[in-house]
Amino acid sequence: MKTLTRSSGFSLIEVMVVLLIIGIMASMVAPQILGNQEEAQLKKAAVDIQQLESAMEMYKLRNNRFPTSEQGLEALVSAPTIEPIPRNYPEAGFIKRLPEDPWGNPYALISPGELGVVDIYSSGPDGEPGTDDDIGNWNINEYLN
């Protein structure tokens, strides 16, 4: 005679209840995580701009002028070949490489600046320069606090 044995495991209803609980928890936690990610991206951009600004100051100390807009931030990595050629350029440059902003775009330089002596900025999350979400050395303190 065959004996029927009941196999142990979870029923479909138990699995569905667990999935429902996990879904509810995820819906409460996800907005907090995503909000922190956006804030972290803004802070990273502000810190990058602050570091680029420091490198620009070193450039000016050694060469008595800032690089021009045409020379761009690349002048911090390698000696410019566009006039005015710096006379006192360090062999290794001022920084090893230019960072990209957290949204994958290059930082930009306007020299002489429109809002300061030089303007170093990211086009922000939308990637469009000249919009309200731009982050520059003129407003980085808003993001660093």
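The values are calculated or read from the model by the stated rules, or taken from the named source; none is laboratory data. Keep in mind that what you see is a predicted model, and the values were worked out from it rather than measured. As a convention, Cβ positions derive from the backbone with ideal geometry for all residues, glycine included, and neighbour counts pool all protein chains shown.
Please specify each residue of region 37-63 satisfying the condition of being in contact with a Pro (Cβ under 9 Å, 6 or more places away or on another chain) and of a type in the set (S, T, N, Q).
Passing the criteria: 41, 51, 63.
Only one of (1) over 19 Å from residue 70 (Cβ atoms); (2) modelled with pLDDT under 90 fails for residue 113. Which number is that?
Residue 113 satisfies every listed condition except (1).
Looking at (1) part of a loop (DSSP other than H, G, I, E, B); (2) free of Cβ contacts under 8 Å to residues at least 60 places away in the same chain; (3) surrounded by 11 or more Cβ atoms within 10 Å (Cβ to Cβ), which is the one condition that is false for residue 125?
So the condition that residue 125 fails would be (2).
If we keep just the residues of region 101-122 that are surrounded by fewer than 20 Cβ atoms within 10 Å (Cβ to Cβ) and of a type in the set (A, V, I, L, M), which is farthest from residue 51 (Cα to Cα)?
Ranking the candidates gives 115 first.
Would you pick out the residues in region 128-145 that are within 20 Å of residue 56 (Cβ to Cβ) and surrounded by 11 or more Cβ atoms within 10 Å (Cβ to Cβ)?
Passing the criteria: 129, 134, 135, 136, 137, 138, 139, 140, 143, 144.
So, in region 70-88, exactly how many residues are touching a Pro at 6+ places or on another chain (Cβ under 8 Å) and within 20 Å of residue 112 (Cβ to Cβ)? Full working, then the answer.
Taking region 70-88 and keeping what is touching a Pro at 6+ places or on another chain (Cβ under 8 Å), we get 71, 73-76, 79-80, 86.
Now restrict to residues that are within 20 Å of residue 112 (Cβ to Cβ): 71, 73-76, 80, 86.
Of the residues in that region, 7 qualify.
Here is a list of conditions, (1) closer than 30 Å to residue 96 by Cβ; (2) modelled with pLDDT under 80, and residue 38 meets all of them except one; can you say which number that is?
All conditions are met except number (2).
Would you point out the residue of region 43-100, among those that are in contact (Cβ under 8 Å) with a residue 60 or more places away in the chain and either among the hydrophobic types (A, V, I, L, M, F, W, C) or touching a strand residue (DSSP E or B) at 6+ places or on another chain (Cβ under 7 Å) (or both), that is surrounded by the most Cβ atoms within 10 Å (Cβ to Cβ)?
45
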